[in-house]
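Here's the structure we're looking at; comments come further down.
Every number here is computed from the coordinates shown, using simple stated rules; none is lab data. What you see is a predicted model; the values in this text were computed from it and never measured. We place every Cβ from the backbone using ideal geometry, glycine too, and count neighbours over all the protein chains shown.
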Amino acid sequence: MDLNLRKAILENVSDNTTDQLESTIVDAIQSGEEKMLPGLGVLFELIWQQSDQTDKQEMLTTLEQSVKQP
C-alpha cells in the first residue's frame, strides 16, 4: 500500500477558505495530539516554499526566540 501522506493532507485542505485553514491550525495546536503534527508540517512546508527570504528570516527569528523561552 502506497500512502502519500503529504498528498492526502493537501487534498483534504485544498478547497478550504482562510477561516477554515485557520481553524484547522488552531484546532491542531490546541488539541496537542501527536497525530496532527504531520499536517502542520505540510502546511508549514507550503508557507516556507511560498515565502521570500525576508519572510523566512522573520520566521526563523521567531522560531529561535520561541524555542528558547522557558
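Observations, loosely collected:
- The GluC sites (Glu not before Pro) found in region 19-70 that occupy coil by DSSP, while having at most 14 further C-beta atoms within 10 Å, are E33.
- GNM top mover of L43, L60, L21 - the chain, alpha-carbon springs below 10 Å: L60
- The Cα-based radius of gyration of the chain, divided by its Kirkwood radius, gives an Rg/Rh of 1.01.
- Helix 18-31 and the longest principal axis of the Cα set of the chain meet at an angle near 80°.
- Largest GNM mean-square fluctuation across V42, V26, V13, computed for the chain with C-alpha springs under 10 Å, falls on V26.
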